[in-house]
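Participant: What follows is a structure written as structure tokens; I'll ask about it next.
The values are calculated or read from the model by the stated rules, or taken from the named source; none is laboratory data. Nothing here was measured: the structure is a model prediction, and the numbers come from that model. Using ideal geometry, Cβ is built from the backbone for each residue, glycine included, and neighbour counts are taken over all protein chains shown.
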Amino acid sequence: MTGRHEVQLLAYADRLGGGIAGTRELLEGPLRAFAGVHLLPFFVPFDGADAGFDPVDHGSVDPRLGTWDDVRAIAARREVVADLIVNHVSADSAEFRDWLEHQEGSPYEGMFLTFDAVFPRGGTEAEITAFYRPRPGLPFTAYRTGDGRRRLVWTTFLPTQVDIDVRHPAGIAYLERLLDALAAGGVTTIRLDAVGYAIKTPGTDSFMTEHTLEFVRHITAMAHRGNLRVLVEVHAHYSQQLAIAPLVDLVYDFALPPLLLHSLGTGTVDRLARWLEIRPANAITVLDTHDGIGVIDAGPSAERPGLISLEEMRDIFERAAEATGGHSALASVVPAWMALPHQINATFFAVLGGDEDAYLLCRAVQFLLPGTPQVYYVGLLGGLDDRELFARTGNGRDVGRHFYTPDEIDAALGGTVARAVLALVRLRATHPAFDGEFSWAVTGADSLRLAWSAGEVGVALEIRTAPAARGFVLEVSGPEGTSRHDSAESLAG
């Protein structure tokens, strides 16, 4: 199923199913209502310093997870989304090692971004500190070459993730090889990971500039030549999503989660309603992801007001900390030159204090909005924060990246949250109302109505966000009559 009926699962194959074949078994079994799956990095190695987002060999499936045949087996019946990590590659990659050893004599000369490539005449303190980085500190790492020189290489994220010069012929050739490998492996949609950081432009913060948008146009054209759809991942001011949406096939609605948290925290719907007026139609709707819960996406930038204010962002973080006993504040990272984290490192269910009805209210909103709902595997299973994993790794995002055993999966699928979410998946996947017209209306200071209708059939959701009256009513009408659900338990059936 595609289009308005498509619902996607987002998962690490090793953490849900133990491998690609195991994930496929779940998709053919209890998760069969999902029409697509975004398999988070399954390349070599899938378990590096950044959970697969630091590939040594981006064009190969890690044999511990499976093969390209396993990917193609899923793709035979479902949409398969995979990451194209455009900004960087592992420092242990064959390409980077060859370049370090041979420099100008390497076939990969020019593929990696050095300090000199961006600042051929040197960079001033103001120019260097202007760059936006989602980590503390400066985005450079010194590496020693085979002839004993030291080269300052751009490392936007981790010292072991070396940035690619995506405008150099060697960098472009590398990306073309990856696109060919993904298309041949059965992938139908690529997600441009970290694309907002890919172009470094002196005199700017080098995040989502006009030069970045031009690169997005270029890489999208490359992907379309291989019949691949393009999903872009950008955590930034909401205007950036509006600007990039026309250039690609799909964008994320990253503003929705913080706006829902704001509505539930304040008992208002005005900010959420404002977003419904302007949000892009070609959106992947999410609540939580492998990267936590973005908040920056609804907030202000230095020059532009946000859908919520900086103080309202702070309130969201404080409510999350209270709900998690202070743990989300411990796990969330403040980027360089910023006053607040750009995301909450916690599961969405944990941020709501494990309140099943509040959680299903948010899921129901997600499923009724136009676009493609995508459900993260931990969110599907009603997962709370994995504090033990975070304690072992020190990576704040690991609180939402639990490794599920088969017994844990079976137990979670029998729980209220998973049964209720799967009921929403089936509703979106099969109900004919979603072939019709969408409408919405503010019905009070704390209430909102979302509806789909097609002739005699319809699906309507009423939400109330004020703490004293918080709740939802989902009405589903069809040839067999009308059903009404007002709790997670009633949705679970």
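Participant: Report the residue count in the stretch 314-369 for those that are of a type in the set (Val, Ile, Thr) and at pLDDT below 95. Step through it out loud before you land on a result.
Facilitator: Going through the stretch 314-369, the residues of a type in the set (Val, Ile, Thr) turn out to be 316, 324, 333-334, 344, 347, 351, 365.
With at pLDDT below 95 added as a condition, the list becomes 333-334.
Looking only at that region, the number is 2.
Participant: With within 18 Å of the chain's Cα centre (by Cα) and farther than 22 Å from residue 376 by Cβ as the only criterion, which of 38, 58, 88 stands out?
Facilitator: None of the other options fit; the residue is 88.
Participant: Would you please name the residue that is nearest to residue 261 (Cα to Cα), looking only at residues in the stretch 467-493 that are out of contact with any helix residue (DSSP H, G or I) (no Cβ under 9 Å at 6 or more places or on another chain) and surrounded by 15 or more Cβ atoms within 10 Å (Cβ to Cβ)?
Facilitator: 473
Participant: Quick test for you: out of 126, 82, 130, 91, pick the one residue that is in contact with a Ser or Thr (Cβ under 9 Å, 6 or more places away or on another chain) and at pLDDT below 95. Full working, then the answer.
Facilitator: Values: 126 fails: in contact with a Ser or Thr (Cβ under 9 Å, 6 or more places away or on another chain); 82 fails: at pLDDT below 95; 91 fails: at pLDDT below 95.
Sole residue among the options that is in contact with a Ser or Thr (Cβ under 9 Å, 6 or more places away or on another chain) and at pLDDT below 95: 130.
Participant: Here is a check on your reading of the model: is residue 459 touching a residue at least 60 places away in the same chain (Cβ under 8 Å), outside any loop (DSSP other than H, G, I, E, B), within 28 Å of the chain's Cα centre (by Cα) and in the same structural domain as residue 281 (by TED's automatic domain parsing)?
Facilitator: No, not satisfied.
Participant: Select from the stretch 163-184 the residues that are over 22 Å from the mean Cα position of the chain (by Cα) and farther than 24 Å from residue 119 by Cβ and list them in ascending order.
Facilitator: Result: 173, 176, 177, 180, 181, 184.
Participant: Can you name the residue in the stretch 114-162 that is of a type in the set (Ser, Thr, Tyr) and within 29 Å of the chain's Cα centre (by Cα) and is also nearest to residue 56 (Cα to Cα) among such residues?
Facilitator: Within the stretch 114-162, the first condition is being of a type in the set (Ser, Thr, Tyr), and the residues that meet it are 114, 124, 129, 132, 141, 143, 145, 155-156, 160.
In the following step, the residues that additionally are within 29 Å of the chain's Cα centre (by Cα) were identified as 114, 129, 132, 141, 155-156, 160.
Numbers: 114: 19, 129: 29, 132: 25, 141: 18, 155: 15, 156: 17, 160: 10 Å.
Ranking the candidates gives 160 first.
Participant: For a quick check of your reading: which helices (runs of 4 or more DSSP H) sit entirely within the stretch 51-121 and have at least 1 residues that are outside the structural domain of residue 201 (by TED's automatic domain parsing)?
Facilitator: 94-102, 115-118
Participant: Could you list all residues from the stretch 346-363 that are in contact with a strand residue (DSSP E or B) (Cβ under 8 Å, 6 or more places away or on another chain) and surrounded by fewer than 24 Cβ atoms within 10 Å (Cβ to Cβ)?
Facilitator: 357
Participant: Something else: Test residue 26 against the criterion of being part of a loop (DSSP other than H, G, I, E, B), in contact (Cβ under 8 Å) with a residue 60 or more places away in the chain and out of contact with any His (no Cβ under 8 Å at 6 or more places or on another chain), and give yes or no. Before you say what the answer is, go through the steps one by one.
Facilitator: Values: part of a loop (DSSP other than H, G, I, E, B): no; in contact (Cβ under 8 Å) with a residue 60 or more places away in the chain: yes; out of contact with any His (no Cβ under 8 Å at 6 or more places or on another chain): yes.
Taking the combined requirement at face value, the residue does not satisfy it.
Participant: So, in the stretch 384-418, how many residues would count as being of a type in the set (Lys, Arg), more than 30 Å from residue 493 (Cα to Cα) and touching a residue at least 12 places away in the same chain (Cβ under 8 Å)? Let's see the steps before the verdict.
Facilitator: Filtering the stretch 384-418 down to residues of a type in the set (Lys, Arg) leaves 387, 392, 397, 401.
Cutting the leftovers down to more than 30 Å from residue 493 (Cα to Cα) gives us 387, 392, 397.
Filter once more, keeping what is touching a residue at least 12 places away in the same chain (Cβ under 8 Å): 387, 397.
Total meeting the criteria: 2.
Participant: Is one or more of the residues making up the stretch 185-202 of a type in the set (D, E, K, R) and without any contact (Cβ under 8 Å) to a residue 24 or more places away in the chain? Walk me through it before giving the result.
Facilitator: Residues of the stretch 185-202 that are of a type in the set (D, E, K, R), as a first pass: 191, 193, 200.
Those still in the list that are without any contact (Cβ under 8 Å) to a residue 24 or more places away in the chain too: none.
No, that holds for no residue.
Participant: Which pairs do you get when a residue that is within 13 Å of residue 174 (Cβ to Cβ), found in the stretch 97-111, comes within reach of a residue that is among the polar types (S, T, N, Q) and in a helix (DSSP H, G or I), reach meaning Cβ atoms under 7 angstrom, with the pair 6+ apart or on two chains?
Facilitator: Close Cβ pairs (under 7 Å, with a partner that is among the polar types (S, T, N, Q) and in a helix (DSSP H, G or I)) amount to 109/103.
Participant: Could you list, in sequence order, the residues of the stretch 214-248 that are closer than 14 Å to residue 175 by Cβ and aromatic (Phe, Trp, Tyr)?
Facilitator: 215
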